[in-house]
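The values are calculated or read from the model by the stated rules, or taken from the named source; none is laboratory data. Quantities reported herein were computed from a predicted structural model and do not represent experimental measurements. Ideal geometry is used to build each Cβ from the backbone, glycine not excepted, and the neighbour counts take in all protein chains shown.
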Amino acid sequence: MPNESLLWLLHSVHALSVSKSDWIGGHSYYSYLEEAGSYWFNAMVPNGILMNNTIINEKTQEFLDYVLDNQDSTGWLGPEVGTDRPRYLWGRYPFFFGAIQMVEYKPELTDRVVTALHKFVKLANRMLRDGEGVEDWAATRWEDFVIVLQW
Ligand SMILES: *[C@@H]1O[C@H](CO)[C@@H](O)[C@H](O)[C@H]1NC(C)=O
């Protein structure tokens, strides 16, 4: 990738305020669905790996570490942890897509990611049985969760 494109990419990343994303302890998000941070993560993991870009790889590793380290005792992970904001499952699916790709590139991450996923799946199962965690959009994107579960 030519350097100019890379600079454009980094500028875009900054413009999207991902560095301040509420997924990693900041306050930036654009909707209650909480997909901005996890969409970024899912896209940047393969970008960083394929371009062998140290900065992007460090950022995606920090993102993964922050989210896993802050998973709460119920199994929930993401920006709603420690808040009373509504919890919709959907924003987690792109996060797990990114995490899966990181595991495939760095197998030493397997235990942490799979342990976090198992905790989350138990919680999600209870929530879905109780009719929680979905609204129109989250309900539409159920296939994304199935892809995660198949992995
Ligand atoms: C990736 O970059 C590092 C230095 O940042 C280099 O040592 C390594 O050989 C590169 N790997 C590939 C596959 O190009």
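Within the bounds of the stretch 115-127, is there any residue that is among the charged types (D, E, K, R), more than 24 Å from Ser21 (Cα to Cα) and modelled with pLDDT of 95 or more?
Checked against the condition, which is being among the charged types (D, E, K, R), more than 24 Å from Ser21 (Cα to Cα) and modelled with pLDDT of 95 or more, the stretch 115-127 yields at least one hit.
Taking the stated definitions as given, is Tyr30 assigned to a helix (DSSP H, G or I), under 27 Å from Glu143 (Cβ atoms) and at pLDDT below 95?
Criteria not met by Tyr30.
When you scan the stretch 123-136, how many residues do you find that are surrounded by fewer than 14 Cβ atoms within 10 Å (Cβ to Cβ) and either part of a helix (DSSP H, G or I) or touching a Lys or Arg at 6+ places or on another chain (Cβ under 7 Å) (or both)?
4
Cβ-Cβ distance below 8 Å, separation of 6 or more or different chains: which pairs start in the stretch 121-133 with a residue that is closer than 21 Å to Glu35 by Cβ and end on one that is in a helix (DSSP H, G or I) and among the small types (Gly, Ala, Ser)?
Gly133/Ala124
Would you check if Gln101 is in a loop (DSSP other than H, G, I, E, B), surrounded by fewer than 21 Cβ atoms within 10 Å (Cβ to Cβ) and of a type outside the set (Val, Ile, Thr)?
The answer is no for Gln101.
Restrict the check to the stretch 108-122 and report whether at least one residue is more than 20 Å from Asp65 (Cα to Cα) and in a helix (DSSP H, G or I).
Checking the stretch 108-122: at least one residue is more than 20 Å from Asp65 (Cα to Cα) and in a helix (DSSP H, G or I).
How about the stretch 43-65: which of its residues are within 12 Å of the chain's Cα centre (by Cα) and exposed (fewer than 15 other Cβ atoms within 10 Å of the Cβ)?
Within the stretch 43-65, Glu62, Asp65 meet the criteria.
Of all residues in the stretch 78-98 being over 9 Å from the mean Cα position of the chain (by Cα) and buried (at least 18 other Cβ atoms within 10 Å of the Cβ), which is nearest to His27 (Cα to Cα)?
Only one residue fits best here, namely Pro79.
On the given criteria, is Gln71 part of a helix (DSSP H, G or I) and touching a residue at least 12 places away in the same chain (Cβ under 8 Å)?
For Gln71, the condition - part of a helix (DSSP H, G or I) and touching a residue at least 12 places away in the same chain (Cβ under 8 Å) - is not met.
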